[in-house]
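None of the figures in this text is laboratory data; all of them are computed from the coordinates on show. Note that the coordinates shown come from a computational prediction; the quantities given were computed from them, not determined experimentally. Here the Cβ positions follow ideal geometry from the backbone for every residue, glycine too, while neighbour counts run over all protein chains shown.
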Amino acid sequence: MIEFLSEGTGKVLGVKATGTLTSADYEHLLIPRLEKMFAEFGSLRILFYMDEEFAGWDLSAAWDDAALALKHRADFEKIAVVGGPDWVSWCIRVSSFLISGEIRIFPRDRLQDAWSWVKAP
């Protein structure tokens with residue numbers, strides 16, 4: 001499940017992920033929100049927070065995630081990834097070449113540091 005965090009403003013979007021993300025999460029929530037923001041701001045800064053219940057992506061959601069990254073590879077200024085299991089950090093490091101912006105990984109207990117970094121000019 002995806003929830004948008006109120007700390008995001010302007011070109012900064014905070015996303016909280018819990019449980020297993022599905023294609024419906026992407027197609028009905030995340031992609032429409034991001035496309036609207038890309039149209040308004042051009043490039044974005046994202047904070048992706050995985051809570052304690054986060055279990056990953058189902059196959060169709062993983063495909064949606066990869067397709068979104070490829071389509072907008074030059075449109076992400078910064079991405080802060082917060083929390084999640086170790087395998088998520090590994091996957092992000094391996095696939096970070098898909099995004100031209102900067103990606104940083106933060107432990108769950110450094111959420112405020114992640115917000116400060118993603119919002120900083």
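Taken about its Cα centre, the chain carries a charge dipole of roughly 480 debye when the Cβ of each Lys and Arg holds +1 and the Cβ of each Asp and Glu holds -1.
Here region 2-119 carries DSSP beta bridges of which approximately 15% are antiparallel, counting only pairs with both residues inside.
A simple spin-label model places pseudo-atoms 7 Å from Cα toward Cβ; at residue 40 and residue 74 they are separated by 2.4 nm. If a/c stays under 1.5 just call it rounded; otherwise compare a/b with b/c (prolate if a/b is bigger, oblate if not). Do that for region 31-121, with a ≥ b ≥ c from the square roots of the Cα gyration tensor eigenvalues. Oblate.
How many nm separate the modelled label positions at residue 20 and residue 60, each set 7 Å beyond the Cα in the direction of the Cβ? Here the modelled spin labels are 1.3 nm apart.
Between beta-carbons, use under 12 Å as the cut-off and find the net charge around residue 64, counting Lys and Arg +1, Asp and Glu -1. Value of the local net charge: -3. Residues 15, 88, 118, ranked from the fewest to the most other C-beta atoms within 10 Å, line up as 88, 15, 118.
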